[in-house]
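Chemist: One structure, as structure tokens, below. Some questions next.
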Amino acid sequence: MPLLSLRSVRKSYPTPAGDRQTVLEVSSFEMEPRTEIAIAGSSGSGKTTFLNVIAGLLKPDSGEVTLAGHELTRLSEARRDRVRAEHLGYVFQTFHLLGAYSALENVTLGMAFGPGPDVAFAKHLLERLGMQDRLHYRPHQLSVGQQQRVALARALANRPQLVLADEPTGNLDPTTSQEALGLIRELCRENDAALLLVSHDPAVLAEFATTLDFAELNEAPIAGGRA
């Protein structure tokens, strides 16, 4: 059984004209445990919508999304939240760190939705990412690269089977970008997590053995608008 499976998934949004614009239409997509896939696509092509549907943050208009044996489209919002906490980590493009909390607290708070806070493991992840001297720093006291490391630690905090990464190097300079990408891949491998990464950066995509073109995967591409 694949770790992730999408079948006939379709997502649309209302337009100012009163009709609906289809931004996502994926006939079939699968991912096996402990694998890596990079998806190439331009801004506004629907990549973020694709990831949000996989994560259960958005419910598709039709079709099936199955993660770790759970068909998300049949679950209540509360149950989708639980499945996401137990099986999936998400590295958002803009990190989504909580500004009032320290690096360590941002990671342990993410654990609260899973098996519960494990401060020792949270510290281990942050130390593994070179953040041992920044555990009690708040996001505004960290560089962009350091914020990205905290976001990665949070994504891995509940030992997920699948990590989604949405343009995870988009806000970083080329040198920091390569370093961050290496850390993401290395930590996923160490924790037996599959990695699904989307990017428009050729340098990032070149690092992956399996790269898919989102324009071919998505049968309803759009120009601009929602990502």
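What follows is calculated from the coordinates using simple rules that are stated; it is not laboratory data. Here the structure is a predicted model, which is why all the values come from computation and not from measurement. Ideal geometry is used to build each Cβ from the backbone, glycine not excepted, and the neighbour counts take in all protein chains shown.
Chemist: Would you mind calculating the relative contact order of the stretch 98-184 from Cα pairs under 8 angstrom and at least 6 residues apart, reporting the percent as a whole number?
Modeler: Relative contact order for the stretch 98-184 comes out at 33 percent.
Chemist: Still on this structure, please answer the following. Would you mind classifying the stretch 3-100 by shape? Square roots of the alpha carbon gyration tensor eigenvalues, ordered a ≥ b ≥ c; an a/c under 1.5 is rounded, otherwise it is prolate if a/b is larger than b/c and oblate if not.
Modeler: Details: a/c = 1.34, a/b = 1.18, b/c = 1.13.
Here the stretch 3-100 falls in the rounded category.
Chemist: While we're on this one: Full extension from Glu127 to Ser27: what is 0.36 nm times the residue separation minus their Cα-Cα distance, to one decimal in nm? Please list the in-between numbers first.
Modeler: Numbers: separation 100, 0.36 × 100 = 36.00 nm, distance 4.13 nm.
Result: 31.9 nm gained on full extension.
Chemist: On to the next question. For a Förster distance of 30 Å, can you work out the FRET efficiency between the beta-carbons of Ser62 and Leu135, rounded to the nearest 0.05? Before the final figure, lay out each step's value.
Modeler: On the way: r = 45 Å, r/R0 = 1.50.
Efficiency, rounded to the nearest 0.05: 0.10.
Chemist: Same structure again: Taking H placed 1.01 Å from N in the peptide plane, check which residues at least 5 places from Ile39 or on another chain put their amide H under 5 Å from its amide H.
Modeler: Leu197, Val198, Ser199, Leu212
Chemist: Then there's this: Give me the net charge of Thr94's neighbourhood, meaning all other residues with Cβ under 12 Å from the Cβ of Thr94; Lys, Arg count +1, Asp, Glu -1. Before the final figure, lay out each step's value.
Modeler: Values: positive: none; negative: Asp166, Glu167.
Cβ neighbours under 12 Å give a net charge of -2.
Chemist: Next up: Counting only other residues whose beta carbon sits under 13 Å from that of Gln147, what net charge do I get with K and R as +1, D and E as -1?
Modeler: +4
Chemist: Provide His70, His136, His124 in ascending order of the number of other Cβ atoms located within 10 Å of each residue's Cβ, fewest first.
Modeler: Going from sparsest to densest Cβ surroundings: His136, His124, His70.
Chemist: Here's another thing I want to ask about it. If the cut-off is a Cα-Cα distance under 29 Å, which lysines reach Lys123, setting aside same-chain residues fewer than 8 apart in sequence?
Modeler: Reachable lysines: none.
Chemist: Right, something else. Only bridges with both residues in the chain count here: give the DSSP antiparallel percent, nearest 5. Don't jump to the answer; show the numbers that get you there.
Modeler: Numbers: 17 of 34 bridges.
Among the beta bridges of the chain, antiparallel pairing accounts for roughly 50 percent.
Chemist: Output ³J(HN,Hα) for the stretch 155-164: one whole-Hz value per residue in order, computed from phi by the Karplus curve 6.51 cos²θ - 1.76 cosθ + 1.60 with θ = phi - 60°, and x for Gly and Pro.
Modeler: Listing the rounded values in order: 5, 9, 4, 9, 6, x, 7, 9, 10, 9 Hz.
Chemist: Whole-Hz Karplus ³J(HN,Hα) for the stretch 76-92, in order, using 6.51 cos²θ - 1.76 cosθ + 1.60 and θ = phi - 60°, x for Gly and Pro?
Modeler: Values, residue by residue: 5, 4, 5, 6, 4, 4, 5, 5, 4, 5, 7, 10, 9, x, 9, 9, 6 Hz.
Chemist: A follow-up question, please. Taking the Cβ of Ala55 as the center, what net charge do the other residues with Cβ under 9 Å away carry, scoring Lys and Arg +1 and Asp and Glu -1?
Modeler: Details: positive: Arg80, Arg84; negative: none.
So the surrounding residues net to +2.
Chemist: Take the chain, connect every pair of alpha-carbon atoms lying under 10 Å apart with a spring to form a Gaussian network, then pick out the residue of Asp61, Asp19, Asp81 with the largest mean-square fluctuation.
Modeler: Asp19
Chemist: While we're on this one: Which lysines does Lys11 reach when only Cα atoms under 29 Å apart count, and residues fewer than 8 places away in its own chain are ignored?
Modeler: Partners found: Lys47, Lys59.
Chemist: Which ordering of Leu98, Leu197, Leu104 is given by a fewest-first count of other beta-carbon atoms within 10 Å?
Modeler: Details: Leu98 13, Leu197 27, Leu104 20.
Lowest count first: Leu98, Leu104, Leu197.
Chemist: So what is the calculated 222 nm ellipticity per residue for the chain, using -39500 (n - 2.57) for each DSSP H run with n of 4 or more, over all residues, to the nearest 500 deg cm²/dmol?
Modeler: Numbers: 8 runs with 77 residues, N = 227.
The per-residue figure over the chain is -10000 deg cm²/dmol.
Chemist: Could I ask something else about it? Which distance in Å, rounded to a whole number, links the C-alpha centroids of the stretch 170-190 and the stretch 108-145?
Modeler: The distance from the Cα centre of the stretch 170-190 to that of the stretch 108-145 comes to 17 Å.
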